[in-house]
Amino acid sequence: MMNTRIDHRKLIFAIIGAGLLAGCAATTPLPLPPVNPADATVRVPVRTPNNLLVHDETTVAIQSELSQTASNAKSAENMEHMNHGSTPGMQHGEMPMQDHQAKPTDVSAQKKALGEEMKKTADEMTRTSDAMKQQSERQTPKKEGTPPE
């Protein structure tokens, strides 16, 4: 006679495991309540998004500031070229030596002034951007359930 010994603990775990596997393998999902947004038959009104290709206020403000700075730099560069190349009645060798000696300091002073102006413009753009962000945050309604910041 053969003596078979059954481990009751393993048998119980095997039955529970088989039951869980059979429960997970069910092919028909449970029915959803009629108002559940996960139901595929429910139609929810969808608001179309704003035109995403239109620039927002911050972008427009930054672009206008940058174009002003670029036009100022371009006009300063044009003025510098005009002073050197279009002096009537003078040949290249006839230029006074004093202008050559004064020119590097003028250029460095112009560069320094332009750098300071660009820094002021950058600071102003940062302030404008921060103000617009704060205004946007005040105008945007808070969602329910979100913690206050």
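The values are calculated or read from the model by the stated rules, or taken from the named source; none is laboratory data. What you are looking at is a predicted structure, and each value in this text was computed from that prediction instead of being measured. As a convention, Cβ positions derive from the backbone with ideal geometry for all residues, glycine included, and neighbour counts pool all protein chains shown. Keep in mind that these areas ignore ligands, DNA and RNA; they rest on the heavy atoms of the full protein, side chains included. Shrake-Rupley method; radii C 1.70, N 1.55, O 1.52, S 1.80 Å.
Can you tell me which of 11, 30 is at pLDDT 70 or above, farther than 30 Å from residue 121 by Cα, open to solvent by 100 Å² or more (accessible area, probe 1.4 Å) and out of contact with any Leu (no Cβ under 8 Å at 6 or more places or on another chain)? Show your work before the answer.
Values: 11 fails: open to solvent by 100 Å² or more (accessible area, probe 1.4 Å).
Exactly one residue qualifies, and that residue is 30.
Checking the conditions here, which among 125, 97 is modelled with pLDDT of 55 or more and hydrophobic (A, V, I, L, M, F, W, C)?
Going through 125, 97 in turn, just one is modelled with pLDDT of 55 or more and hydrophobic (A, V, I, L, M, F, W, C): 125.
Restricting the first member to region 107-120 and to residues that are touching a residue at least 40 places away in the same chain (Cβ under 8 Å), and the second to residues that are open to solvent by less than 100 Å² (accessible area, probe 1.4 Å) and among the aliphatic types (A, V, I, L, M), the beta-carbon pairs closer than 9 Å and six or more apart or on different chains are 114/73; 114/76; 117/73; 118/73.
Given the options 69, 59, 4, name the one that is modelled with pLDDT of 70 or more and surrounded by fewer than 10 Cβ atoms within 10 Å (Cβ to Cβ). Explain how you work it out, then say what you get.
On the way: 69 fails: surrounded by fewer than 10 Cβ atoms within 10 Å (Cβ to Cβ); 59 fails: surrounded by fewer than 10 Cβ atoms within 10 Å (Cβ to Cβ).
Testing whether each residue is modelled with pLDDT of 70 or more and surrounded by fewer than 10 Cβ atoms within 10 Å (Cβ to Cβ) leaves just 4.
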